[in-house]
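Scroll down for the structure; my scribbles are underneath it.
Laboratory data are not the source of any read-out in this text; all were calculated from the coordinates shown. Here the structure is a predicted model, which means the values were calculated and not measured. In this analysis, Cβ positions are derived from the backbone assuming ideal geometry, glycine residues included, and neighbour counts consider all displayed protein chains.
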């Protein structure tokens, strides 16, 4: 019962937790449970958490995998590789902005294709979540679930994304876009030769972007009643 009250406290009063003393919030929630006759089991709490996470990761994966899901989302758009930022600057200065932008767009296209594989990996991590995991997530703050998924899925995501990114970059013939840029740049006087690992760069940025979207979804479900699309979510987070 102690665990249940703690979960209910942080679920029902999460919005207030940022501005009130935690003990005050816990006492308020306990009074609410005792006086209002809330009927919810530990099993329902964990199921609610899993459902909330499942909704969030599916929404995030769908957004990222859509056409321009990365390319036109300023939050996650993959920029020109920063380790060769000088290449972008110098090439734009000599009139190759269009070629630079096309190259960058193709990097984002590869990330969008890879994002299609994210949901099953996330869902697998969610279904294995224990009650102890659930308690930790509820106590951990607005992005606790996102951090949990990062810990549980980073290795699997990287292993899954890397070959997809490599294939995607090959399909769009990324060398067709990169080689003219690199060749032109490397002909400039007194510059260091540029040869970034594009596959690794896009893989890591694609993962980073997905976790940003998952964090947004997590916060929305915690704070916005309209995002709780099932009766169970409304019961657990209501």
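Per the Debye formula with a single identical scatterer at each Cα and no solvent contribution, what log10 I(q)/I(0) holds for segment 156-197 at q = 0.18, 0.24 Å⁻¹?
Listed by q, the Debye log ratios stand at -0.63, -0.81.
Can you give the percent of C-alpha pairs in segment 57-137 whose distance is more than 15 Å?
65 percent
For residue 132 and residue 85, calculate 0.36 nm times their separation in residues minus their Cα-Cα distance, and state this gained length in nm to one decimal.
Between residue 132 and residue 85, full extension yields 12.5 nm more.
What number in nm² do you get for segment 129-231 if you take the convex hull of its Cα atoms and divide its surface by four?
That works out to 10.2 nm².
Rank these for me by crowding, 88, 218, going from fewest to most other beta carbons within 10 Å. Write out the running numbers ahead of the final one.
Numbers: 88 22, 218 26.
So the residues, fewest neighbours to most, are 88, 218.
How far apart, in nm, are two points set 7 Å out from the Cα along the Cα-to-Cβ line at residue 67 and at residue 124?
For the pair residue 67/residue 124, the computed spacing is 3.1 nm.
Convex hull over the alpha-carbon atoms of segment 47-237: what's its volume per residue in Å³?
Expressed per residue, the convex hull around the Cα atoms of segment 47-237 is 121 Å³.
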